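This report concerns only the one structure given below.
The values are calculated or read from the model by the stated rules, or taken from the named source; none is laboratory data. None of these values were measured; they are calculated from a predicted model. Note that each Cβ is placed from the backbone with ideal geometry, even for glycine, and that neighbours are counted across all protein chains shown. Areas reflect the complete protein model, heavy atoms only, side chains present, ligands, DNA and RNA absent. Shrake-Rupley method; radii C 1.70, N 1.55, O 1.52, S 1.80 Å.
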Amino acid sequence: MRLRELVFGAACAAAVRAAARLGVADALGEAPTTVEDLAAAVKTEPKPLRRLLRALSCYGVFTERPDGTIAHTDMSRLLREDDPHSLRYISLWCTEPWTWDAWPKLDEAVRTGRNVVQDLYGKEFFTYLNEDAPESADVFNRAMTTSSEQSARDVAALLDLSGAASVADIGGGQGHVVASLLDKYPSMHGSLLDLPRVVENAVPRLRPGGDLAGRARIVPGDARVSVPVKADVYVIKNILEWDDESTAQLLRNVIEAGGPGARVVVIENLVDDTPSMRFSTAMDLLLLLNVGGAKHTTDSMTGRLTAAGLSIDGIAPVNPYLHAFDCHVPG
């Protein structure tokens, strides 16, 4: 029966996605609610909504009480957009339409070691997202923003940048890490480099009129092409998971921009040191499918950084899910 449940895993993923898209968690308050009232709130039919919630309750996402009313669980609250630990956009990102095209081709990706998106859509993954699937691109950006918001304070708390005058976050999304570091170091200047579509939505604090704007520089660009930012410290968080050449090129660009003595802090999830192996290994397979990339082990990340020419000074946990590789460019 366990194997039967596993092969129906798509039904569980689809049910979580449906609940997130319908906004069921947001519509459900702290008091237990009838399915009929929930259906009216989210504009669905009551009977199929009950079937959806019954399926989700088997996994601890919502609970059906003896009187038939529906109540929140710790997991269902994570689908609320206003929850401080919200996973709503992460849940949507992992179940976007392209994933349903790609998963059936996992055997092909395992056979060849290549991503399958190029063959599916005729384009590199992020080019496809931004040109042909803007809604998915928006979900991706929101998911990364949520993740950054939740980890930025941990990163700032860990990093001792005393003595550094400037920091650059490479592929830093909307700039939550930079903002947290500028808060910690009031005399520091910071740069945020990411794709134009991403940085145009940078946090308001970094943009003209924001309280950090005088110390912040927003740089639209692709770090795989060039890094036109000079800084004492470069932060590279959760982006060294692409194909080998793209990752190597980004590191070369950072090393060239920083020059001898520059500090480079690489922050990643590690597939060999995490309390969530099922999630991490699943994301590892998804990276194989979409960009031909991989989640790293401690050894593979160490090898990647040293091959690029960086010297590793230390490895430290940021939180239970992230590790920081503190490096420098040799003089």
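Rounded to the nearest 5, what is the percent of antiparallel bridges among the DSSP beta bridges in the chain?
45 percent
Where only protein heavy atoms count, and the probe is 1.4 Å, what is the accessible area per residue for region 267-331 in Å²?
Roughly 43 Å² per residue, with all protein chains present.
Which lysines, on any chain, are close to Lys43 with Cα under 24 Å apart, when same-chain ones fewer than 8 places away are left out?
Reachable lysines: none.
Towards the positive end of the charge dipole of region 1-63, with charges on Cβ (+1 Lys, Arg; -1 Asp, Glu), say which of Leu52, Ala25, Ala41 has the farthest Cα.
Most positive-ward Cα: Leu52.
Roll a 1.4 angstrom probe over the protein heavy atoms and tell me the percent of accessible area of region 1-121 that is carbon or sulfur.
C and S fraction of accessible area: 57 percent.
Given a Förster radius of 51 Å and the C-beta distance between Ser162 and Lys47 as r, what FRET efficiency does 1/(1 + (r/R0)^6) yield to the nearest 0.05?
Efficiency for this residue pair is about 0.25.
Taking a ≥ b ≥ c as the square roots of the Cα gyration tensor eigenvalues, with a/c under 1.5 meaning rounded and otherwise prolate when a/b beats b/c, else oblate, which class fits region 158-247?
oblate
For each pair in Lys237/Lys295; Lys184/Lys237; Lys105/Lys237; Lys123/Lys295; Lys123/Lys230, compute the distance between the two Cα atoms and list the pairs where it is over 24 Å.
With Cα atoms farther than 24 Å apart: Lys105/Lys237; Lys123/Lys230.
Please report how far the C-alpha centroid of region 261-331 lies from that of region 157-223, rounded to the nearest whole angstrom.
If you average the Cα positions of each part, the centres end up 22 Å apart.
Quick one: work out Rg over Rh on the C-alpha atoms of region 82-206, Rh as Kirkwood radius.
1.06
Show me the three semi-axes of the equivalent ellipsoid for region 68-127, from the C-alpha gyration tensor (sqrt of 5 times each eigenvalue), largest first, rounded to whole Å.
34, 13, 10
Span-like helices, the chain: DSSP H, alpha-carbon axial extent 15 Å or more, mean Kyte-Doolittle 0.5 or greater, which ones?
9-22, 277-290
When you have a sec, figure out the Kirkwood radius of the chain from all distinct Cα pair distances and drop it here in Å to one decimal?
Hydrodynamic radius (Kirkwood, Cα only) of the chain equals 21.4 Å.
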